[in-house]
Amino acid sequence: MTNLKFAVFGTGFWANFQIPAWFEVGGVELAALYNRTRSKADAMAEKCVAWGAAVVPRVYDDAEALLRNEQLDFVDIITEVPAHAPLVHLAAQHRVPVICQKPMAGDFDTACGMVQACQAAGVPFFVHENFRWQAPIRALKNVIDSGEIGTPFRARIQFVFHKPFVFENQPMLKTLEQLALADVGSHLFDLARFFFGDPESVYCQTHRVRPDIAGEDVASAVLRCGDVICNCDMSYSSRTEQEQFPQTLFYIEGTQGTVELGPGFWLRTTTDAGTFARRVPYHRYPWADPDYAVAHASIVDCNADLLGALCCGRDAETTGADNLKTVRLVHRAYESAAANQVVRVDYADCRA
Ligand code: 89Y
């Protein structure tokens, strides 16, 4: 099978991991790079050779010119959020399948427009949502699916940290008026949907601890997912005995037992038979930043899933249409926090 040719739009922090993760998956050729500051794209093109690129990608600071000149099988958009929508529309106009980072847009209507533009152009549209691809989280999902703890009735999903390097690596996070729910809540709500289905309601509270950021750095949401009460807690500003970044912690109670994904990737299952604990390993790639190891490893599995859809007609988990439900939930959570009320969530206008 011939390699699929692709271009990357955006050569900032995350591209340093997204691109080598593509080379890890294989079956692709990076034809071109776009960045509005050309010198950054030039520097990334040089790094690509070190990561094993067969050809040095061509470099552009004009996204339209890139799409006009290159014959592509897909594009991977890794820019900051405000650039997602214009680039997705541009790719749709050029009839090129698209992958876009989460959150796909800053509001639901813009996200809906992106999904619709790709549908109208007849091109696949995927969201790169990788938390559900972390090996320890997949192992936890297998425990739930095995029925070992019976039927889940309550869950706690936590992403709580303090590491200041997060704001140094992604300085744009400081400027976002909607931070915790949009940035980390997108991941946690996707996980809630992955484990327990689409929530019917949300009650949310938000808070800002850091004085030097525009948005909220703390949020707690209670989601009602059928029979499951799912609590999602996130914080960028919690000093804990053991710093957890970038681990997501889970505690799930079921009719026959409980399962916990705890610090250090320990998976503990408790039933009438006792408590069984094992540590779930994940791949350590040489190109990954050790501070983000489990998150960067998950990019490979997420990309492999998307490539399966692009090359071989398999279904991908994180389609744009599916992820629109997560975007809806994020913004219903903001409405709940603003009104201090439970908000019902319906997905009638999210076409999956
Ligand atoms: O941007 C965020 C994400 O998507 O996962 C963790 C993160 O890098 C910092 O909150």
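The values are calculated or read from the model by the stated rules, or taken from the named source; none is laboratory data. Please read all numbers here as calculations on a predicted model, not as lab measurements. Glycine gets a Cβ as well: all are built from the backbone with ideal geometry, and neighbour counts include every protein chain shown. Note: areas computed on protein heavy atoms with side chains; ligands, DNA, RNA excluded. Shrake-Rupley method; radii C 1.70, N 1.55, O 1.52, S 1.80 Å.
Excluding Glu200 itself, calculate the net charge of residues whose Cβ lies under 14 Å from the Cβ of Glu200, where each Lys or Arg counts +1 and each Asp or Glu counts -1. Intermediate values should be presented prior to the final figure.
Working: positive: Arg193, Arg224, Lys325, Arg328, Arg332, Arg344; negative: Asp198, Asp227, Asp346.
Every neighbour counted, the sum reads +3.
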query: Say we join alpha carbon atoms closer than 10 Å with springs in a Gaussian network model of the chain; which of Val88, Val96, Val55 then has the biggest fluctuation?
result: Val55
- line: Percent of all alpha-carbon pairs of the range 227-336 at distances over 24 Å, whole number, is 49 percent
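Distance cut-off 30 Å, Cα to Cα: go down the list Lys40/Lys325; Lys40/Lys141; Lys5/Lys174; Lys47/Lys163; Lys47/Lys325 and report the pairs above it. The partial results should precede the final answer.
Values: Lys40/Lys325 34 Å; Lys40/Lys141 39 Å; Lys5/Lys174 35 Å; Lys47/Lys163 27 Å; Lys47/Lys325 36 Å.
From Lys40/Lys325; Lys40/Lys141; Lys5/Lys174; Lys47/Lys163; Lys47/Lys325, over 30 Å: Lys40/Lys325; Lys40/Lys141; Lys5/Lys174; Lys47/Lys325.
Would you calculate, for the chain, the mean residue ellipticity at 222 nm contributed by helices, counting each DSSP H stretch of 4 or more residues as -39,500 (n - 2.57) and dividing by all residues, to the nearest 500? Show your work: numbers first, answer last.
On the way: 10 runs with 126 residues, N = 352.
The per-residue figure over the chain is -11500 deg cm²/dmol.
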message: With equal scatterers on the alpha carbons only and no solvent term, can you work out the Debye log10 of I(q)/I(0) for the range 178-250 at 0.13, 0.21, 0.25 1/Å?
response: -0.39, -0.93, -1.18
5 angstrom amide H check on Val59, placed H, neighbours 5+ away: Leu33
- request: Distance between Cα centroids, the range 89-158 to the range 277-352: provide it in whole Å.
  value: 4 Å
statement: Diffing the range 255-261: the Karplus 3J(HN,Hα) column from phi (6.51, -1.76, 1.60, θ = phi - 60°), in whole Hz with x for Gly and Pro, holds 5, 10, x, 10, 9, 10, 9
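In the range 1-102, what percent of the accessible surface is made up of carbon and sulfur (1.4 Å probe, ligands and nucleic acids excluded)?
47 percent
How big is the chain by the Kirkwood estimate over distinct Cα pairs, in Å? Show your work: numbers first, answer last.
Numbers: mean 1/r = 0.0480 Å⁻¹.
For the chain, inverting the mean 1/r across all distinct Cα pairs yields 20.9 Å.
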- prompt: Which of Arg58, Arg314, Arg332 moves most in a GNM of the chain, Cα contacts under 10 Å?
  reply: Arg314
task: Could you state the accessible area per residue of the range 103-213 in Å², with a 1.4 Å probe and every protein chain left in place?
output: 38 Å²
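Taking the Cα centre of the chain as origin, work out the dipole magnitude from +1 charges on Lys and Arg Cβ and -1 charges on Asp and Glu Cβ, in debye rounded to 20. Write down the numbers at each step before the final one.
Values: 31 positive and 42 negative charges, 43 e Å.
Computed about the Cα centre, the dipole is about 200 debye.
Using the Kirkwood radius over Cα pairs, work out the Stokes-Einstein diffusion coefficient for the range 92-236 at 4 °C and 1.567 mPa s, in µm²/s as a whole number.
Working: Rh = 17.0 Å.
The diffusion coefficient I find is 76 µm²/s.
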query: How about the range 268-352: which chymotrypsin sites (Phe, Trp or Tyr not before Pro) there are in a DSSP loop, with at most 15 other Cβ atoms within 10 Å of their Cβ?
result: Tyr347
- prompt: Sorted by average packing, counted as other Cβ atoms within 10 angstrom per residue and highest first, what order do 172-180, 295-303 take?
  reply: 295-303, 172-180
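Give me the net charge for the shell around His296: Cβ to Cβ below 13 angstrom, other residues only, Lys and Arg +1, Asp and Glu -1.
Working: positive: Arg284; negative: Glu24, Asp289, Asp291, Asp301.
In short, -3.
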field: From phi via Karplus (6.51, -1.76, 1.60), per-residue ³J(HN,Hα) for the range 241-246 in Hz, x at Gly/Pro
entry: 4, 10, 5, 9, 3, x
Heavy-atom surface of the range 227-294, accessible at 1.4 Å and reported per residue (Å²): 52 Å²
query: Sorted by average packing, counted as other Cβ atoms within 10 angstrom per residue and highest first, what order do 30-37, 225-232, 187-194, 206-213 take?
result: 187-194, 30-37, 225-232, 206-213
- prompt: Over the range 12-122, one equal point on each Cα, no solvent: what is log10 I(q)/I(0) by the Debye formula at q = 0.09, 0.16, 0.17 Å⁻¹?
  reply: -0.23, -0.73, -0.82
task: With a 1.4 Å probe and every protein chain kept in, tell me what percent of the accessible surface of the range 263-352 is carbon plus sulfur.
output: 48 percent
field: Scattering profile of the range 164-289 at q = 0.12, 0.16, 0.17 Å⁻¹ [log10 I(q)/I(0), Debye over alpha-carbon scatterers]
entry: -0.57, -0.97, -1.06
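Which of the DSSP-defined H helices in the chain satisfy a minimum axial length of 24 Å, computed from C-alpha atoms, and a minimum mean Kyte-Doolittle hydropathy of 0.0? Don't skip to the end; give the middle numbers.
Numbers: long enough: 293-312 (29 Å, 1.30); 320-339 (28 Å, -0.24).
Helix filter hits for the chain: 293-312.
Leaving out ligands, DNA and RNA, what percent of the accessible area of the range 122-195 is carbon and sulfur, probe 1.4 Å? Can you show the working numbers first?
Details: 1220 of 2520 Å².
Using a 1.4 Å probe with all protein chains present, the range 122-195 comes out at 49 percent carbon and sulfur.
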